[in-house]
Amino acid sequence: MSDAASSSSGERYLDVRDLHKRFDDNVVLAGVDLAVPRGSVITVLGKSGTGKSVFLKCLAGIVRPDAGSIRFDGLALNASNASARAEFRRRCSYLFQSNALLDSLTALENVALPLEQTTQIPNREIRRRSLEALRQLDLDKHSDRYPSQLSGGMQKRLALARAIVTRPELVLFDEPTAGLDPIRRNGVFEMIVKYQRQFGFTAVVVTHDLPEALVASDQVALLDGGRMQFQGTPEAFNRSDDPTVRAFRDSAGALRDNIAALRRGETVTSKEDL
Amino acid sequence: MTRALGHHTLRIVHELGDFALFTGRAFSAAVGSRKLGRRVLRAIYEQGVRCLPVIVIVGLFTGLVLGLQGYYVLNRFGSEGLLGTLVSLTLVRELAPVLAALMLVGQAGSALAAELGIQRNSEQIDALETMGASTHAYLISPRLIAALIVFPIQTTIFALVGLFGGYLSGSVLLNLQPGVYWAAVHNAVGPADVRECYIKAAVFGLLTIAICAYNGFNSHRRRSSTGARAVSASTTRAVVFSSITVLAADYVITSLLVNQP
């Protein structure tokens with residue numbers, strides 16, 4: 001936790017402390033701390049099923065945490081503070097793992113929806129900004145298509161267009177590369193960094209794609225056993241001697257060794273449950 | 001045993017309260033919602049135009065059967081001239097609002113519960129919440145407002161087609177003079193009957209669409225099932241509860257209005 005402690009001295013634009021969440025007997029988050037500096041890209045890594053998405057949904061207010069505090073730019077986000085939560089939603093966007101596009105609306109209507117439902121901007125301006133967002137993501141030729149008529153990558157871009165059209169200060173990305181091939185995975189991370197630089201938002205990305213995360217992020221954090229086991233720069237992550245960090249970081253090498261051993265006819269015992 | 005009964009009762013009371021808040025929130029959220037009119041029109045199309053064929057078909061056969069049964073029963077007493085009275089009062093006071101509501105529950109209500117359940121399942125409702133939109137104003141209010149408009153219209157169509165069915169049975173297929181039939185209809189139905197008909201239609205529309213929306217919207221809260229099964233269970237529950245509610249509300253409204261002039 002020394003890395004986490006050292007990194008937390010920076011600006012705490014989004015400040016999560018001692019977050020707890022359990023579902024019946026299943027403890028998912030057991031005291032998660034995270035400090036996110038303004039204007040940075042921070043990636044939360046972790047194995048499947050470690051509660052990364054639950055953590056992000058707690059931040060977004062979709063899941064109510066059992067205990068702990070979340071502060072966003074000085075605003076305390078808790079269930080009793082509805083105005084702070086509304087303010088947070090106005091300044092934050094969430095990109096769902098499943099994209100969560102409204103399937104009965106066209107691409108243009110999907111992008112226009114947050115502006116239409118949460119602002120008093122005139123309809124003509126909403127259309128202009130929505131078309132601009134679609135054009136920025138090379139989707140302007142598909143504005144009349146429904147999500148089901150778009151490819152997986154295009155749906156992902158459409159979800160991103162909807163997320164950035166409100167010009168948010170914070171964007172939460174839940175497994176943005178899930179189910180994509182390596183080339184499209186790279187494309188999604190490039191897209192996140194490109195638009196983060198262009199619009200200056202703060203990005204919290206949840207993923208288990210280590211190589212891409214290390215290249216694209218200003219900071220990485222590792223969630224394991226219900227707690228953040230590490231938070232720091234990608235360089236610090238690569239140097240860390242923490243056993244959990246090493247196990248995650250060296251997973252590709254471990255796989256190579258195990259496969260080689262199996263080919264030699266040796267018995268291999270996996271350290272991790274699937 | 002007592003503990004289980006108490007727990008069950010508390011759960012029902014809690015759910016009724018939650019349902020009342022859900023419905024109230026849908027109406028309050030509608031105030032100032034952008035493009036509400038467009039969404040109401042779409043809901044009117046879904047509940048009205050798309051359900052019209054089934055309303056016409058069921059209304060016609062209901063009138064045909066009423067005419068047929070009524071004619072032979074009244075004929076025993078030499079009173080077949082009262083067929084128009086029997087058909088019109090039965091339709092306007094009871095069968096048109098009740099059967100039209102049940103047909104709308106079967107078609108529009110089930111579709112609504114399934115649609116909202118799928119939207120909940122695919123995180124579309126969560127997406128609306130995270131973008132700060134009012135899910136009630138966007139998804140629920142238009143359907144409830146549309147129900148208040150569509151159900152009385154569909155009930156009127158059901159009653160008119162049913163009266164025509166009674167005419168086909170009594171006058172075209174059997175021997176009753178058309179003038180006798182239509183004169184009896186004209187003399188029998190008064191303003192109080194029409195008022196009762198429209199009160200029932202509006203109440204049934206509000207209750208059934210609210211129940212279907214509530215079940216679909218909250219399909220993720222089901223503890224016994226998840227995913228597609230939760231959507232299917234919520235849709236079934238919505239249709240069953242709505243149908244029972246229509247019949248129970250019919251009894252309550254009838255008992256309140258039956259002695260009024």
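Since every read-out is calculated from the coordinates, none of them should be taken as a lab result. Quantities reported herein were computed from a predicted structural model and do not represent experimental measurements. All Cβ positions, glycine included, derive from the backbone under ideal geometry; neighbour counts span all protein chains shown.
Quick notes
- Size of electric dipole in the range B:110-241: Cβ of Lys, Arg +1 and of Asp, Glu -1, about Cα centre, debye, nearest 20: 380 debye
- Relative pair counts by distance (%), Cα atoms of the protein assembly as shown, 10 Å bins: 4, 15, 22, 20, 15, 11, 7, 5, 2, 1, 0
- Quarter of the Cα convex hull surface for chain B, i.e. its orientation-mean projected area (nm²): 17.4 nm²
- Cβ neighbours within 10 Å from other chains - mean over B:117-124: 4
- Highest mobility in the GNM of chain A, judged by mean-square fluctuation with C-alpha springs under 10 Å and restricted to A:SER251, A:SER40, A:SER93, is found for A:SER251.
- Bridge orientation summary for the range A:56-212: considering DSSP beta bridges with both residues in this region, about 20 percent are antiparallel.
- Taking 30 Å as the straight-line reach from the Cα of A:LYS57, the lysines in range (excluding those fewer than 8 positions away in the same chain) are A:LYS21, A:LYS47, A:LYS156, A:LYS194, A:LYS271, B:LYS35.
- Of the residues A:GLN198, A:ALA161, A:ILE121, the one whose Cα sits farthest towards the positive end of the charge dipole of the range A:2-242 is A:ILE121 (charges of +1 on Lys and Arg Cβ, -1 on Asp and Glu Cβ, taken about the Cα centre).
- Listed residue (B:SER88, B:LEU68, B:ILE44) projecting farthest to the positive dipole end of chain B, Cβ model: B:ILE44
- Summing Lys and Arg as +1 and Asp and Glu as -1 over all other residues whose Cβ lies under 13 Å from the Cβ of A:ILE62 gives a net charge of +2.
- Built amide H within the under 5 Å cut-off of A:VAL171, gap 5+: A:SER93, A:THR202, A:ALA203, A:VAL204
- Peptide B:25-34 is shielded by partner chain Cβ atoms: per residue, an average of 1 of them sit within 10 Å of its Cβ.
- Relative contact order of the range A:2-242, taken over Cα pairs closer than 8 Å and 6 or more residues apart, is 29 percent.
- Separation of alpha-carbon centers, the range B:118-146 and the range B:29-78, rounded to whole Å: 27 Å
- Relative contact order of chain B, defined on C-alpha pairs under 8 angstrom at six or more residues apart (%): 31 percent
- Counting only other chain Cβ atoms within 10 Å of each residue's Cβ, the peptide A:109-115 averages 2.
- Order by protection proxy (mean Cβ within 10 Å, highest first), peptides B:138-144, B:2-8, A:70-76: B:138-144, A:70-76, B:2-8
- Nearest 10 degrees, 0 to 90: helix A:251-263 Cα axis against chain A principal axis: 50 degrees
- Share, in percent, of DSSP beta bridges within the protein assembly as shown that are antiparallel, nearest 5: 55 percent
- Among A:THR43, A:ASN26, A:LEU222 the positive-end extreme of the charge dipole of chain A (Cβ point charges): A:THR43
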